[in-house]
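The values are calculated or read from the model by the stated rules, or taken from the named source; none is laboratory data. In this text the structure is predicted, and so the values were computed from the model without any measurement. No Cβ is skipped: glycine too gets one built from the backbone with ideal geometry, and neighbour counts run over all protein chains shown.
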Amino acid sequence: MLKNMLKPPLASGRAPLQTGRMPSTCPHDCPSCCSLDVDVLSQTEIGRIYGARDQDYTAGVICAKVARYQERVHHPDRLTTPLIQTRTKGDRQGFRPLSWDDALEHLSERFRDIADQHGPEAIWPYYYAGTMGHVMRDGLQRLRHIMGYSRQHNSICTSLVQAGWKAAVGAILGPDPREMAESDLIVVWGGQPCPYASQCHDPYRQSPQTTWRKIGRC
Ligand code: SF4
């Protein structure tokens, strides 16, 4: 069952992809949920990525992280096959590639051995969001439930922040970044809008009465 769940999607059966500048949505789980314009070069290659021009939230602007997606997705050093650790003392490489079938066989055997020896709760399929869609992210729960593996309280990265927001503000919410243009004072505390949410400060920059005072690092 594990083998079937983890097998990579088949390339056949997909509708042919259109090329050109295509509308899309950022895959990150950041609250902005930015609309994108993506240059699709072929079935397997993307070009530049822009904030969607026809959406007033992005208005053609996108954060630096996602603007450079093309470099990461098509980087020659990107992993494309499973690797198994072979590290022995003094071996600096420490990994060798193996086929998907072998990797899945290896994993299912290890999972079975661990569950037989220590019980299924000795396995914790850790996951959380970031760049996953709902199907990819929550699909793992099917494996967890059917096999009786250990569970988790959803996220280990945002729970603290959410508790803080609820304690201090009463709810997890914030103003619409487009309203920043109307603000007299903006305090950015513990965040880096330049690389991570550049569109948030763009409306403020465009405001005729804008005066920037940078009093810390950004
Ligand atoms: S700010 Fe960047 S990471 Fe967040 S949704 Fe927009 S494009 Fe994605």
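Quick notes
- Looking across R137, R96, R68, R78, one residue alone is more than 30 Å from G51 (Cα to Cα) and of a type in the set (D, E, K, R). It is R96.
- Any hit, the range 133-144, residues being more than 30 Å from S32 (Cβ to Cβ) and either in contact with a strand residue (DSSP E or B) (Cβ under 9 Å, 6 or more places away or on another chain) or free of Cβ contacts under 8 Å to residues at least 60 places away in the same chain (or both): no
- A Cβ distance below 6 Å, combined with a sequence gap of six or more or placement on separate chains, defines the contacts here; from the range 21-38, residues that are farther than 19 Å from T158 by Cβ reach residues that are more than 10 Å from the ligand (Cβ to nearest atom) and of a type in the set (S, T, N, Q) in the pairs S35/Q55; L36/S24; V38/S24.
- Selection count where residues are among the hydrophobic types (A, V, I, L, M, F, W, C) and under 17 Å from S32 (Cβ atoms), scope the range 160-177: 4
- Any hit, the range 69-78, residues being over 22 Å from the mean Cα position of the chain (by Cα) and either modelled with pLDDT of 90 or more or at negative phi (or both): no
- Matching residues, the range 21-31, being under 13 Å from the mean Cα position of the chain (by Cα) and more than 17 Å from V73 (Cβ to Cβ): D29, C30, P31
- Residue selected from the range 32-66 under the condition outside any loop (DSSP other than H, G, I, E, B) and under 14 Å from the mean Cα position of the chain (by Cα), by the criterion nearest to the ligand (Cβ to nearest atom): V66
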